[in-house]
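First up is the structure itself, then whatever we jot down about it.
The values are calculated or read from the model by the stated rules, or taken from the named source; none is laboratory data. Owing to the predicted nature of the structure, the values given are computational and were not obtained by experimental measurement. Here the Cβ positions follow ideal geometry from the backbone for every residue, glycine too, while neighbour counts run over all protein chains shown. Note: accessible area is taken over every heavy atom of the protein model, side chains too, but ligands, DNA and RNA are not part of it. Shrake-Rupley method; radii C 1.70, N 1.55, O 1.52, S 1.80 Å.
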Amino acid sequence: MIRKKYNPQNGLTHLLTLQEESYEIIAKQVFKNMPNVKKNKANLEFFTYRIKQIAKKGATPTPDEIIGLSIYFFDSSNNWAKLFFPDSDYVTTYSLITINNLLDRYCTVDSFTDFMKNRNKFNINRGLFDKNVTTKTVTMIVISYIIYDLRAINRSKKSTDIIDDYKIYQNDIRDHLKFLVTQTMSNEKALLKLQYSLKKDIDIDNLSPRTLALTITRTLISLI
């Protein structure tokens, strides 16, 4: 049996790449459970390709594919949200992966300076739940929370300007965030709340990487 390369990109890639059965066997089983799909050889061949793309590349599954996969993994179409946040260990892993990817993209002095215009600690999360909020804005809110937290911990270093504090603590943001996330995840009640919120907030018709990143980041903000 060929060993699959593990892909922790999201909960579904996590499940598919850990599954011992081959992608071809998984595809056949899932294909039988997919609604609204004509069952023929051509469609099965295409779906086998789709399973590989979903597992290896993190391609966004269609609602029909999600229903079929939910029945395959959990024997019920009602548990589809669990495909993306299957267990507490993965929720922790995915949270850290997501946050680190966002920090790699947006954690710069210029981005933070621009974000903090007309903001202070009392309105820092303005726009967090707007329908069209960007992952950049949510990431900046997370960074702001971290800076204020580091300010409180290191009072002797505190400046009068949040931008100056950002420059002081820029190299500590990632480690402190990892500490807070890990600490949160070690609390069973907080972890259950996070899993519940994540499963409740995702939309079967909108499961893009951006949407999943927004969901996990917004929820983490309420916990850290």
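If I filter region 112-136 down to residues being assigned to a helix (DSSP H, G or I) and free of Cβ contacts under 8 Å to residues at least 60 places away in the same chain, which single residue comes out as surrounded by the fewest Cβ atoms within 10 Å (Cβ to Cβ)?
The residue in question is D114.
Against the list (1) within 20 Å of Q9 (Cβ to Cβ); (2) open to solvent by 20 Å² or more (accessible area, probe 1.4 Å); (3) in contact (Cβ under 8 Å) with a residue 24 or more places away in the chain, the condition T139 fails is (2). Once region 6-46 is narrowed to residues that are under 28 Å from T93 (Cα atoms) and aromatic (F, W, Y), the residue that is surrounded by the most Cβ atoms within 10 Å (Cβ to Cβ) is Y23.
From the list L220, L214, L207, the one residue that fits, being open to solvent by less than 20 Å² (accessible area, probe 1.4 Å), within 15 Å of the chain's Cα centre (by Cα) and within 17 Å of N79 (Cα to Cα), is L207. Here region 11-37 is the region considered, the condition is being touching a residue at least 24 places away in the same chain (Cβ under 8 Å) and of a type in the set (V, I, T), and the residue that is nearest to T211 (Cα to Cα) is T13. Is at least one residue of region 75-98 free of Cβ contacts under 8 Å to residues at least 40 places away in the same chain, open to solvent by 20 Å² or more (accessible area, probe 1.4 Å), assigned to a helix (DSSP H, G or I) and of a type in the set (D, E, K, R)? Yes, region 75-98 contains a residue that is free of Cβ contacts under 8 Å to residues at least 40 places away in the same chain, open to solvent by 20 Å² or more (accessible area, probe 1.4 Å), assigned to a helix (DSSP H, G or I) and of a type in the set (D, E, K, R).
Can you go through Q183, Q195 and tell me which one is assigned to a helix (DSSP H, G or I), farther than 20 Å from D110 by Cα, open to solvent by less than 40 Å² (accessible area, probe 1.4 Å) and at pLDDT below 85?
Details: Q183 fails: open to solvent by less than 40 Å² (accessible area, probe 1.4 Å).
After applying the criteria, what remains is Q195.
Looking at Y145, is it at pLDDT 80 or above, part of a helix (DSSP H, G or I), open to solvent by 70 Å² or more (accessible area, probe 1.4 Å) and among the hydroxyl-bearing types (S, T, Y)? In short, yes.
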